[in-house]
Amino acid sequence: MLKITNPATGKIVAEVLEDNAASIKRKYMLARDAQPAWAAKSLGHRTKVIRAFRAQVAARKDELARILVSETGKPLQQAMSELNGLLPRIEFFLDHARKTLRPRKVHDQDGMTEVISHEPLGVIANISAWNYPYFVGANVFVPALLTGNAVLYKPSEFATRTGLEIAEMLYEAGVPQTVFTTVIGTGTVGAALLKQPVDGVFFTGSAATGKAIAKAVAGRMIKLQLELGGKDPVYVCDDVDPVAAAAGLADGAMYNAGQSCCAVERIYVHENIYQPFVDAFIKEVKGFKIGDPLAEGTYIGPLTRAPQIKVLEAQIADATKKGARLAIGGKRIRTRGLGKGNYFQPTVLLDVDHSMTVMRDESFGPIIGIQSVQDDAEAMVLMNDTSYGLTAGVFTKDRKRAERMLGQARAGTVYWNCCDRVSPRLPWSGVGDSGIGLTLSTYGIETFTRPKAWHLRKA
Ligand code: NAD
């Protein structure tokens with residue numbers, strides 16, 4: 001049995017039956033048998049079913065948000081924001097599937113016609129993360145189902161109840177149980193799922209697991225997509241209002257207790273405005289309400305996974321040993337009745353540099369290093385000094401200055417005067433250890449298909 005613990009209280013909230021090699025094999029065989037009939041249904045039918053799923057999410061979002069809070073510790077308002085944000089994301093896929101999947105005539109001359117069609121991949125494995133389970137899940141299973149694939153969906157062990165709710169809503173909406181199937185358990189179960197001869201693996205999670213998955217499927221001629229972590233930098237130029245920039249970036253760093261793949265993880269500030277920026281940033285962080293994720297106004301809840309506390313403590317110890325200054329925070333919270341949960345103080349480290357792990361390794365917590373830089377050139381070098389490449393941002397009044405820098409940024413997504421933002425209209429992808437492949441946008445529909453080339457000569 002998989003025990004599900006509430007990160008805010010340490011209490012077990014549910015026990016769920018885990019899959020094993022035999023049950024996974026059975027689920028795979030059923031999915032394999034069911035997929036052709038699902039692909040043979042009209043796109044209109046599949047669209048109707050996903051629209052019905054969307055309606056269920058909309059109708060049940062209060063209850064779904066509380067379930068999400070119970071297993072991830074995400075503050076209720078942020079859980080509601082995720083569910084509210086899911087609705088337009090699904091709409092995007094519904095609105096764009098037909099045009100994206102329409103067979104395309106690319107040549108028609110002298111009796112010879114050439115057409116490209118989009119064929120489903122077949123049966124795909126979707127191994128998912130817990131930090132935004134509705135977003136990262138739906139980025140895969142919605143377009144995968146719309147394009148006629150069967151999906152073996154392994155929710156994170158930290159978002160299992162949410163995964164089971166997603167499945168129930170899809171079944172209620174009309175997706176056959178053999179076409180979308182949950183595979184429940186920890187990483188061991190994920191590894192067992194990869195042993196099945198699936199046609200594609202779509203993974204969201206850490207770079208370390210992504211690399212293990214790439215090794216596990218090496219040599220198999222199947223599609224592999226890896227949406228991994230980041231160490232996302234932002235540079236604050238000297239022409240901006242430091243108070244406004246600090247407010248936006250504190251939110252970008254600390255929202256969901258910093259547990260976002262595109263959370264701001266490193267900040268570089270032009271030396272001319274370094275001090276006012278730091279003062280405003282600390283003031284902003286001091287204003288964040290920490291506590292029970294179900295309480296009104298809570299902004300920072302517990303960390304979802306207890307072991308992450310040790311990662312943050314190690315990064316802080318490493319940084320301070322090498323000369324960083326702890327401006328605020330730095331410790332696990334044991335007071336105010338929060339001791340049984342995985343609460344960590346929002347933490348700001350100053351005088352940091354790239355010899356410190358806090359500026360190199362993903363923190364995935366409410367902790368940030370702020371470094372002063374002399375000019376744009378120094379900022380640019382530091383921003384690109386990373387094995388990751390998910391997002392990068394520049395805050396400046398000058399669009400040209402931003403575009404010059406963002407053009408050089410080695411990242412899948414770049415931001416001007418904004419951060420920690422995802423749009424269904426734009427592709428979501430990473431460079432380096434942030435992964436391969438993409439989700440979202442019309443490319444994120446096509447990615448669940450393979451193009452088939454038709455050469456048609458009139459007799
Ligand atoms: P994780 O790598 O620990 O786990 C992700 C999933 O992989 C879980 O379902 C887990 O059970 C499974 N898993 C673990 N070991 C496995 C193995 N050997 N074989 C197969 N499956 C295995 O990541 P997490 O803690 O769930 O998520 C946090 C990470 O995800 C962060 O690094 C974050 O940046 C990243 N993330 C990236 C994106 C993106 O879009 N790029 C989005 C959200 C989260």
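Read-outs throughout are calculated quantities, based only on the coordinates presented, and are distinct from any laboratory measurement. Because the structure is predicted, anything quoted here is derived from the model rather than measured. We place every Cβ from the backbone using ideal geometry, glycine too, and count neighbours over all the protein chains shown.
Rounding to the nearest 10 and keeping the result within 0 to 90°, find how far the Cα-based axis of helix 133-146 lies from the longest principal axis of the chain. The helix 133-146 is inclined about 20 degrees to the chain. Taking every alpha-carbon pair under 8 Å whose residues sit at least 6 apart, the range 232-423 reaches a relative contact order of 28 percent. Of interest is the spacing of the C-alpha centroids, which for the range 108-147 and the range 293-363 amounts to 38 Å. Taking amide hydrogens as placed 1.01 Å from N in the peptide plane, the amide H of Q371 sits under 5 Å from those of I267, Y268, V269, each at least 5 positions away in sequence or on another chain. Couplings for the range 192-200, taken from phi via the Karplus curve 6.51 cos²θ - 1.76 cosθ + 1.60 with θ = phi - 60°, read 5, 4, 5, 6, 6, x, 6, 9, x Hz in order; Gly and Pro are left as x. Students often get this wrong, so check it: of K11/K283; K27/K223; K74/K340, which have C-alpha atoms separated by over 24 Å? Listed pairs above 24 Å: K11/K283. A Förster radius of 41 Å combined with the Cβ-Cβ distance from E313 to K458 puts the calculated FRET efficiency at roughly 0.05.
When the alpha carbon gyration tensor of the range 232-423 is reduced to an equivalent ellipsoid, the three semi-axes, largest first, read 27, 17, 16 Å. Along the range 63-69 the Karplus relation, 6.51 cos²θ - 1.76 cosθ + 1.60 evaluated at θ = phi - 60°, assigns HN-Hα couplings of 5, 5, 5, 5, 5, 4, 4 Hz to successive residues, with x for each Gly and Pro.
Taking amide H atoms as placed 1.01 Å from N in the peptide plane, the amide H of I328 lies under 5 Å from those of V348, each 5 or more residues away in sequence or on another chain. Please give me the summed charge of the neighbours of D398: other residues whose Cβ is under 15 Å from its Cβ, Lys and Arg +1, Asp and Glu -1. With Lys, Arg at +1 and Asp, Glu at -1, the net is -1. Relative to the longest principal axis of the Cα atoms of the chain, helix 21-40 runs at roughly 60 degrees. Whole-percent P(r), the chain, all Cα pairs, 20 Å bins from 0: 24, 54, 20, 2, 0. For the range 246-318, the square roots of the Cα gyration tensor eigenvalues, ordered a ≥ b ≥ c, give a/c of at least 1.5 with a/b no greater than b/c, which places it in the oblate category.
Contact order, relative form, for the chain: 19 percent (alpha carbon pairs under 8 Å, 6 or more residues apart, mean separation divided by residue count). Note on the chain: helix-only mean residue ellipticity at 222 nm, from DSSP H runs of 4+ residues weighted -39500 (n - 2.57) and normalised by residue number, equals -13000 deg cm²/dmol. Which whole-number percent gives the relative contact order of the range 308-407, counting Cα pairs below 8 Å spaced six or more residues apart? The value is 22 percent. Rounded to 0.05, the FRET efficiency of the T186 and K283 pair, given R0 = 41 Å and the Cβ-Cβ distance, is 0.50. For K322, a cut-off of 20 angstrom between C-alpha atoms picks up these aspartates and glutamates, skipping any fewer than 8 places away in its own chain: E265, E313, D351, D353, D361, E362, D385. In terms of other Cβ atoms within 10 Å, I368, I282, I116, I50 run from fewest to most in the order I116, I282, I50, I368. A cut-off of 5 Å between modelled amide H atoms, ignoring neighbours fewer than 5 places along the same chain, links V13 with I4, T5, N6. By the beta-carbon count within 10 Å of each Cβ, the least crowded to most crowded order of L438, L68, L326, L101, fewest first, is L326, L438, L101, L68.
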